[in-house]
2 protein chains.
Amino acid sequence: MEKATFVELSEQKISNQNGKMKRGVAVIDFILRLIAIVATLASAIAMGTTDETLPFFTQFVRFRAKYDDLPALRLFVVASAIASGYLILSLPFSILHIIRSSAGMTRVILIILDTVMLASLTAGSSAAASIVYLAHKGNTKANWFAFCQQYNSFCERISGSMIGSFIAIPLFIILIILSALVLSRR
Amino acid sequence: MEKATFVELSEQKISNQNGKMKRGVAVIDFILRLIAIVATLASAIAMGTTDETLPFFTQFVRFRAKYDDLPALRLFVVASAIASGYLILSLPFSILHIIRSSAGMTRVILIILDTVMLASLTAGSSAAASIVYLAHKGNTKANWFAFCQQYNSFCERISGSMIGSFIAIPLFIILIILSALVLSRR
């Protein structure tokens, strides 16, 4: 009888430790999501408001560059906005995991959605990155001209806008890894 | 005493069912990895051997298009080759999960590596896709010319090469989801 109680107690201790570990991970999860929301939202807004009109113009043409002249940049804005929207909606689940560390099904759902969002954000960001690279460097073989020499501040803006999403991508990877680790400890 | 035996038996039954489920998932995992290996390898090889010389030339210039005239396509070949190499190396783990359905740590390792590979393959593929789109459609605002009108078979080849990797991306997502489901059942 005494032995049984001892086993029960030590089992309880382990499950308590496990619960603490899970709570800690849930708090980190919540903080990472907050950072990722700020990063993706900043990216989407910075890119979505990019618009440069050059200070010289002819009678017929005004030289103007807007982000949605390049379809890849429009995709980037959409992907970043969707990612940040999803992250905001996922916050209640993250809080639920802090309160109730035993919740299992919601973790699986979050892993699935996180993975899909990781893929969509990565796709949007890399498509935009390859176009931004082209705007900077051009391609002599394909006769694509690097227009960044003219539209200087436009190019700086679109390059800078990408930083946020490229911060959010590794955060998503860490979120998925943390959830997997917690699931493996059940 | 009898009650205890009954509880033990029914627990064993559940764990048996769980074992069968895990084995089934492990077999699906193995098959999906095989398909993804073929898809990424075919993509890498098809893109890596793309080379078109136009049938007309002047005294000084031969018109020739190679995949690595476009840096994004080189990135695509590297990302696809790395993904297929990783998938081949992950096969023994997948087989291990078929044989020993209780293995937990290797599943977590596979989820982590799968997630990283998903991100890298998606990045390479979308970067290349946005360049291929540009080769087809061009961009009048940026004065980027669609060279697909000249290099017809080159363009068909680079577009076709992308299919394999875009098949492998959802397969990676499914692999991660399956591993997460198995981990949640432990």
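The values are calculated or read from the model by the stated rules, or taken from the named source; none is laboratory data. Bear in mind that the values here come from a model prediction, so they are computed numbers and not experimental data. As a convention, Cβ positions derive from the backbone with ideal geometry for all residues, glycine included, and neighbour counts pool all protein chains shown. The accessibility values were calculated without ligands, DNA or RNA, using every heavy atom of the protein model including side chains. Shrake-Rupley method; radii C 1.70, N 1.55, O 1.52, S 1.80 Å.
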Output for the stretch A:70-141: trypsin sites (Lys or Arg not before Pro) sitting in coil per DSSP, at most 15 other Cβ within 10 Å, listed by number, reads A:Arg100, A:Lys141
Can you give the Rg and Dmax of the protein assembly as shown based on its C-alpha atoms, in angstrom? 25.5, 98
Read phi for every residue in the stretch B:79-86 and hand back ³J(HN,Hα) as whole Hz from Karplus 6.51 cos²θ - 1.76 cosθ + 1.60, θ = phi - 60°, with x for Gly and Pro. 4, 5, 5, 4, 4, 6, x, 4
Simple label model, 7 Å out from Cα along Cβ direction - A:Gln150 to B:Arg64, nm: 3.3 nm
Quick one: with label points 7 Å out along Cα→Cβ, list the inter-copy distances for A:Ile109 in nm, shortest first? 3.3
If you place +1 on the Cβ of every Lys and Arg and -1 on the Cβ of every Asp and Glu, how big does the dipole about the Cα centre of the protein assembly as shown come out, in debye to the nearest 20? 440 debye
Can you give the accessible area per residue of chain B, in Å², using a 1.4 Å probe? 52 Å²
Is the shape of the stretch A:90-140 best called rounded, prolate or oblate, per the rule: a/c under 1.5 gives rounded, else a/b larger than b/c gives prolate, else oblate, with a ≥ b ≥ c the square roots of the Cα gyration tensor eigenvalues? prolate
Taking amide H atoms as placed 1.01 Å from N in the peptide plane, list the residues 5 or more away in sequence, or in a different chain, whose amide H sits under 5 Å from that of B:Trp144. B:Asn139
Quote the Stokes-Einstein diffusion coefficient, in whole µm² s⁻¹, for the stretch A:84-181, based on the Kirkwood radius over alpha carbon pairs, a temperature of 25 °C and a viscosity of 0.890 mPa s. 155 µm²/s
Label 7 Å beyond Cα on the Cβ vector: A:Ile88 copy-to-copy distances, nm: 4.7
Candidates B:Pro92, B:Pro55, B:Pro170; GNM for chain B (alpha-carbon contacts under 10 Å) flags as most fluctuating B:Pro55
Using +1 at the Cβ of each Lys and Arg and -1 at the Cβ of each Asp and Glu in the protein assembly as shown, identify which of A:Val78, B:Ala39, A:Val27 lies farthest towards the dipole's positive end. A:Val27
Can you compute log10 of I(q)/I(0) for chain B with the Debye formula, treating each Cα as one identical point scatterer, at q = 0.09, 0.16 Å⁻¹? -0.46, -0.93
Once ligands and nucleic acids are excluded and a 1.4 Å probe is used, how much of B:Met105 is accessible, expressed in Å² to the nearest 10? 130 Å²
As a quick test, which of the pairs A:Lys137/B:Lys66; A:Lys22/B:Lys13; A:Lys141/B:Lys141; A:Lys141/B:Lys137 have an alpha carbon distance above 21 angstrom in this structure? A:Lys22/B:Lys13
On average, how many beta carbons from a partner chain sit within 10 Å of the beta carbon of a residue in A:171-177? 3
Here the correct list, in nm and shortest first, of distances from A:Ile174 to the same site in the other copies, label points 7 Å along Cα→Cβ, is 3.2
Size of electric dipole in chain A: Cβ of Lys, Arg +1 and of Asp, Glu -1, about Cα centre, debye, nearest 20: 240 debye
Taking Cα atoms, how many degrees apart are the long axis of helix A:105-137 and the longest axis of chain A, rounded to 10 and kept between 0 and 90? 20 degrees
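Taking each residue in A:115-125, count the Cβ atoms of any other chain within 10 Å of its Cβ, then average. What number comes out?
Values: counts 12, 4, 0, 6, 12, 2, 2, 11, 10, 3, 4.
Across the residues of A:115-125, the mean count of other-chain Cβ atoms within 10 Å is 6.
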Sum of -39500 (n - 2.57) over DSSP H runs of 4+, divided by residues of chain B (222 nm, nearest 500): -28000 deg cm²/dmol
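Just the number, please: buried accessible area between B and A, total of both chains, 1.4 angstrom probe, nearest 100 square angstrom.
In total, chains B and A hide about 3000 Å² from solvent.
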Which one, A:Trp144, A:Ile158, A:Ser101, is farthest towards the positive end of the dipole of chain A when Lys and Arg carry +1 and Asp and Glu -1 on their Cβ? A:Ser101
Which whole number gives the average count of other chain Cβ atoms within 10 Å of the Cβ atoms across peptide B:136-143? 4
How much accessible area does A:Ile163 have with a 1.4 Å probe, in Å² rounded to the nearest 10? 100 Å²
Roughly to the nearest percent, how much of the accessible area of the protein assembly as shown is carbon and sulfur, given a 1.4 Å probe? 67 percent
